[in-house]
Amino acid sequence: MDFQLTKEQAMIRKVIRDFADAEVAPGANERDKTGAFPADVFAKLAELGMLGLPFPEKYGGADADSICFAIVVEELSRVCGSTGITYSAHISLGAAPIYLFGTEKQKEMFLKPLCKGEYLGAFGLTEPNAGSDAGGTQTAARLKEDQWVLTGSKCFITNGSFAKHLAITAVTEQSKGTNGISAFLVPTDATGFTVKANYEKMGLNASNTTELILEEVTIPKENLLGEEGKGYKQFLATLDGGRIGIAAMAVGIAQGAYDKSLQYAKERKQFGKSLSTFQAIQFKLADMAMNIEVARNMVYKAAWLKDQGKNFKKEAAMAKLFASEMCMRVCDQAIQIHGGYGYMKEYQVERFFRDAKLLEIGEGTSEVQRMVIARQIGC
Ligand SMILES: Cc1cc2nc3c(=O)[nH]c(=O)nc-3n(C[C@H](O)[C@H](O)[C@H](O)COP(=O)(O)OP(=O)(O)OC[C@H]3O[C@@H](n4cnc5c(N)ncnc54)[C@H](O)[C@@H]3O)c2cc1C
């Protein structure tokens, strides 16, 4: 067993860590306030070749492994959760299903531009009446002559305004239950397709969260992704990979909150001493450091299993569950260590706290992760 990063992984970590500190961190608080999308950051990430990172070079990717992907998500999230989720969703939800289930022609048409960073990837599963229970999908697709016609709506979809097409689930045969759900690649400029970005959120304010409305949207027959009736299974498999991304985000946000807390504890003096000399504060920092380390190892293990072609469903769910709950605890303690200043926006840990909450909800809530793990351990 080798716990050392490979040369490539270490190199990518250095590049993205420097980039995050120099290009992403400076505007993060302002973007949180205004909700401005970090478009310039993504243009630069495209130049760095990060937007197709884990996909083969023949599609414009960098052929890197899933640990590299996790490292990039972690480092971006360490300074800006909104940038982290945008990147993670682009790769693991937008591009991955096309790579995993698309035909060669679909990969040429839809994956290549995503890898080049011409626009962002997105994934539409959740609906107003189908969240944790994605089997309750109501958006419907029917074949009319040689075209699919889609009608319905999706909610909370990340990157919708910056995508030129999305992978979307729709019911093709109601009587078959989850085996009657299929996936489609839908251009966002198709007639009848509306993308709205009107949500007022608790955190991740600079990320783009959208509502999609499909009114008789007509797409070519060949835009079916994978086989008819396999959409539900495909999306569950996509979410397994996505959970590595959310878990890596959690490690990154927690690391960012911890770094700020350690620095603050050393600088802030009360009772004539630095906070970091008080055992109560030391124990908080020790617990934070330990939990981040455990979560990072869990993320790397799930990513490693994925790269080995082994089953990683349980490990991805465990990593996502542990890391997201750990991140909430760490961010809570980070505010506590900062005292009243932690409650103020200037010190940034309150942003981390607000951003972290989504990690216990998106790509399967904590309750859903426990259900996935329970099934995997044979309950
Ligand atoms: C900022 C943001 C970005 C998102 N991005 C995307 C995206 O890009 N694409 C996408 O498709 N979706 C996206 N989502 C949606 C997200 O995945 C869902 O919100 C999530 O899966 C939960 O669904 P829900 O909100 O409908 O909650 P519900 O399913 O209504 O759950 C409500 C509560 O009930 C619990 N619950 C539900 N069923 C059970 C059960 N059987 N047993 C025990 N407890 C249960 C849940 O755990 C939760 O605590 C995003 C959401 C947010 C907030």
Report summary line: If one builds a Gaussian network model of the chain from Cα atoms under 10 Å apart, the most fluctuating residue listed among K306, K201, K116 is K201
**Report entry** Fewest-first sequence of F110, F3, F278, F42 by Cβ atoms within 10 Å of each Cβ
**Finding:** F3, F278, F42, F110
Query raised in the report: Rg (Å, one decimal) plus Dmax (Å, integer) for the alpha carbons of the chain?
Result: 20.8, 80
Requested in this report: For region 185-231, run through the GluC sites (Glu not before Pro) and keep only the ones in DSSP coil with at most 10 other Cβ atoms within 10 Å of their Cβ.
Outcome: E200
Query raised in the report: So which lysines pass the test for K345, namely a Cα distance under 26 Å, with those fewer than 8 places away in the same chain ruled out?
Result: K33, K201, K260, K266, K269, K273, K284, K357
Query raised in the report: Order of K230, K14 from fewest to most other C-beta atoms within 10 Å?
Result: K14, K230
Report task. Would you please state the base-10 log of I(q)/I(0) at q = 0.16 1/Å for region 66-199, with intensities from the Debye formula using one equal scatterer on every alpha carbon? Result -> -0.88
Report summary line: Footprinting proxy, H90, H165: sorted fewest to most Cβ within 10 Å, the residues are H165, H90
Report summary line: In the chain, helical segments from DSSP H whose Cα atoms cover 24 Å or more along their own axis and that average at least -1.0 on the Kyte-Doolittle scale are 231-267, 279-307, 313-338
Report summary line: Relative contact order in percent for region 272-366 (Cα pairs under 8 Å, 6+ apart) equals 21 percent
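What does the helix-only formula give at 222 nm for the chain: each DSSP H stretch with n ≥ 4 adding -39500 (n - 2.57), the total divided by the residues, and the result rounded to the nearest 500 deg cm²/dmol?
Calculated mean residue ellipticity at 222 nm is -15000 deg cm²/dmol.
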Query raised in the report: In percent, what relative contact order does the chain have, based on Cα pairs under 8 Å that are 6 or more apart in sequence?
Result: 17 percent
Report task. Classify region 123-229 as rounded, prolate or oblate from the Cα gyration tensor: take a ≥ b ≥ c as the square roots of its eigenvalues, call it rounded if a/c is under 1.5, otherwise prolate when a/b beats b/c and oblate if not. Result -> oblate
Report task. Report, in debye and to the nearest 20, how large the dipole of region 252-379 comes out about its Cα centre when Lys and Arg carry +1 and Asp and Glu carry -1 on their Cβ. Result -> 140 debye
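Where a number appears in this text, it was derived from the coordinates with a stated rule and is not lab data. All of these numbers come straight from a predicted model, not from anything done at the bench. Note that each Cβ is placed from the backbone with ideal geometry, even for glycine, and that neighbours are counted across all protein chains shown.
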